[in-house]
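J.: Below you'll find the structure I mean.
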Amino acid sequence: MEALAKPRALRPLPPPLAVYLKSMSYVDVKMRWKKDASFDAVPVLSHARDLRPLVSLARLLSPSPTPVSAVSKRGRSLEVPDRRVTSFLRRFPAAFVESAGPQHNLPWFRLSDAAAGLLREERDVFAARRADVAGRLRRLVLMCPRRRLPLRVAQGMLWHLGIPEDYFRDPDHGIGQDGFRILTSGDGVDDGDGRETELGLIDDGKLQEMPLSVLQMNAVRKFGSAAEVPILLFQSKGLRLKQKIKDWLEGFQRLHYVSPYEDFSHIRPGSDVSEKRAVGVLHELLSLFVTCSAERRRLLCLRQHLGLPQKFHLVFERHPHVFYLLLKEKTCFVVLKEAYMARGDTAIEEHPMLEVRKKYVELMEQSQEIIRGRRSGKPIELESNVSGSGDIEDGIETLS
């Protein structure tokens with residue numbers, strides 16, 4: 001008997017309830033740090049570690065002799081590198097003139113004519129270009145989502161922005177005319193007197209249209225619009241990229257750009273768009289500074305207030321074509337390459353206080369010549385090269 005079996009009809013499988021596709025676009029970029037001697041040759045960068053304590057001490061001293069004990073106990077707050085104020089003052093005889101005190105032969109110091117002249121010039125530049133200099137602080141506050149910044153954090157940024165360090169303490173400065181106000185709230189930072197203070201804007205940033213970032217202005221200059229905003233890249237000498245990193249970098253340039261002044265709450269943390277925003281925020285931040293550079297550790301206090309990721313310092317290592325890490329005497333400085341390598345083809349404006357900083361650096365280099373002359377038995381007097389107003393011939397070469 002022949003068995004006839006009917007083929008069993010195959011029923012189509014029901015459609016899946018959901019299809020989950022997980023896309024991993026993150027590329028683990030690890031680049032070896034390469035030294036670039038051209039940045040070490042810029043005096044205002046190579047002397048940056050000593051420049052801030054030198055100017056701070058110059059503001060404390062006067063043209064008349066002062067005992068070193070009046071400033072020696074402030075070495076920690078001034079962040080003198082060797083922690084000994086007397087040794088630091090003796091390193092710069094072109095700025096600080098030493099003499100013996102009337103009792104016990106203790107060292108006294110006074111400002112040289114050149115240093116006193118530079119202090120006057122610094123005040124004059126701030127008075128003449130106040131709107132430009134104070135406007136940089138305003139842009140920093142506008143970069144904060146709350147349009148506020150703890151007063152202590154803002155105080156720490158004054159040196160980098162070229163604003164006098166007594167800007168908030170001296171009522172003569174009148175910060176209200178620049179559009180700022182000091183707020184007391186529960187979200188601020190305790191100033192030690194039981195109060196919590198923040199720096200805010202009188203108009204809370206509502207009466208003015210948000211400014212364009214430097215990257216957006218670069219795009220407008222190059223393409224006529226800011227629809228696509230690439231980041232200017234500058235090849236690091238001797239640095240070769242793997243093909244997968246090159247491909248990632250090309251895709252990174254095509255990502256959507258979020259301005260530091262825009263709302264970023266819709267961006268998913270850890271995404272490539274979030275990383276591009278972090279690069280843009282740090283790019284804009286450094287472009288506001290006098291030398292377009294800063295110690296990396298000093299930027300850590302801005303992480304929470306600018307909406308940066310937890311390990312945002314890795315951005316400097318992942319993008320060596322945008323930032324350069326200058327390692328100097330156990331200190332790491334972040335330098336914005338565009339400011340020094342674009343050769344004028346950039347929207348970054350030179351800070352009004354930059355020329356004064358260069359003259360301070362020239363005093364530091366003259367001090368080295370004086371010390372070398374003393375060691376060789378041939379003292380070199382450089383005071384005659386400085387006019388009575390403290391102006392010095394500008395002989396500093398920069399990359400720009």
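The values are calculated or read from the model by the stated rules, or taken from the named source; none is laboratory data. In this text, all values refer to a predicted model and were calculated from it rather than measured experimentally. So basically every Cβ, Gly included, is an ideal-geometry build from the backbone, and we count neighbours across all protein chains shown.
J.: Any residue in region 60-79 that's farther than 16 Å from Ser99 by Cα: show its pairings with residues that are exposed (fewer than 14 other Cβ atoms within 10 Å of the Cβ) at Cβ separation under 6 Å, as long as the two are six or more apart or on different chains.
T.: Gly75/Arg83
J.: Of the conditions (1) of a type outside the set (Lys, Arg); (2) within 24 Å of Gln235 (Cα to Cα); (3) surrounded by 17 or more Cβ atoms within 10 Å (Cβ to Cβ); (4) under 16 Å from the mean Cα position of the chain (by Cα), His351 fails just one. Which one is it?
T.: (2) is the only condition that His351 fails.
J.: With (1) at pLDDT below 95; (2) part of a loop (DSSP other than H, G, I, E, B) as the list, and Thr291 as the residue in question, which single condition is left unmet?
T.: For Thr291, the exception is condition (1).
J.: Can you find a residue that is β-branched (Val, Ile, Thr), touching a residue at least 24 places away in the same chain (Cβ under 8 Å), under 24 Å from Thr291 (Cβ atoms) and not in a helix (DSSP H, G or I) anywhere in region 147-166?
T.: Yes.
J.: If you don't mind, there's one more thing I want to ask. Hey, among Tyr360, Tyr324, which residue is touching a residue at least 60 places away in the same chain (Cβ under 8 Å), of a type in the set (Phe, Trp, Tyr), closer than 17 Å to Thr291 by Cβ and out of contact with any Lys or Arg (no Cβ under 7 Å at 6 or more places or on another chain)?
T.: Going through Tyr360, Tyr324 in turn, just one is touching a residue at least 60 places away in the same chain (Cβ under 8 Å), of a type in the set (Phe, Trp, Tyr), closer than 17 Å to Thr291 by Cβ and out of contact with any Lys or Arg (no Cβ under 7 Å at 6 or more places or on another chain): Tyr360.
J.: Let me ask you something else. From the list Arg146, Arg195, which residue is touching a strand residue (DSSP E or B) at 6+ places or on another chain (Cβ under 9 Å), modelled with pLDDT of 90 or more, outside the structural domain of Cys292 (by TED's automatic domain parsing) and not β-branched (Val, Ile, Thr)?
T.: On inspection, the qualifying residue turns out to be Arg146.
J.: Listed residues Leu286, Leu327, Leu308; which is of a type in the set (A, V, I, L, M, F, W, C) and in a helix (DSSP H, G or I)?
T.: Unique residue meeting the criteria: Leu286.
J.: Quick check on my filter: what residues within region 262-279 are farther than 24 Å from Pro211 by Cβ and either modelled with pLDDT under 90 or not in a loop (DSSP other than H, G, I, E, B) (or both)?
T.: Selection gives Pro269, Gly270, Ser271, Asp272.
J.: Conditions first: (1) closer than 23 Å to Pro53 by Cβ; (2) surrounded by 15 or more Cβ atoms within 10 Å (Cβ to Cβ); (3) out of contact with any Asp or Glu (no Cβ under 6 Å at 6 or more places or on another chain). Phe109 passes all but one, so which condition is the exception?
T.: Of the numbered conditions (1) closer than 23 Å to Pro53 by Cβ; (2) surrounded by 15 or more Cβ atoms within 10 Å (Cβ to Cβ); (3) out of contact with any Asp or Glu (no Cβ under 6 Å at 6 or more places or on another chain), the odd one out for Phe109 is (3).
Let's see how each residue does on (1) farther than 21 Å from Leu286 by Cβ; (2) modelled with pLDDT under 95:
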| site | (1), (2) |
| --- | --- |
| Leu89 | yes, yes |
| Phe92 | yes, no |
| Glu98 | yes, yes |
| Pro102 | yes, yes |
| Trp108 | yes, yes |
| Arg123 | yes, no |
| Ala131 | yes, no |
| Gly135 | no, no |
| Leu140 | no, no |
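J.: List the number of the failed condition for Arg59; all other conditions in (1) in contact with a Lys or Arg (Cβ under 8 Å, 6 or more places away or on another chain); (2) outside any loop (DSSP other than H, G, I, E, B) hold.
T.: Arg59 satisfies every listed condition except (1).
J.: Let me ask something additional. What's the total number of residues in region 241-261 that are over 17 Å from the mean Cα position of the chain (by Cα), part of a loop (DSSP other than H, G, I, E, B) and crowded, with 16+ Cβ neighbours inside 10 Å?
T.: Of the residues in that region, 6 qualify.
J.: Let me ask something additional. Does region 122-129 contain any residue that is among the charged types (D, E, K, R), assigned to a helix (DSSP H, G or I) and crowded, with 17+ Cβ neighbours inside 10 Å?
T.: Checked against the condition, which is being among the charged types (D, E, K, R), assigned to a helix (DSSP H, G or I) and crowded, with 17+ Cβ neighbours inside 10 Å, region 122-129 yields at least one hit.
J.: Looking at this structure, is Pro93 free of Cβ contacts under 8 Å to residues at least 24 places away in the same chain and either in contact with a Pro (Cβ under 7 Å, 6 or more places away or on another chain) or not hydroxyl-bearing (Ser, Thr, Tyr) (or both)?
T.: No, not satisfied.
J.: Turning to a different aspect of this structure: What are the residues in region 195-231 that are surrounded by fewer than 16 Cβ atoms within 10 Å (Cβ to Cβ), among the β-branched types (Val, Ile, Thr) and assigned to a loop (DSSP other than H, G, I, E, B), if any?
T.: If the condition is that a residue be surrounded by fewer than 16 Cβ atoms within 10 Å (Cβ to Cβ), among the β-branched types (Val, Ile, Thr) and assigned to a loop (DSSP other than H, G, I, E, B), then Ile202 is the only one that fits.
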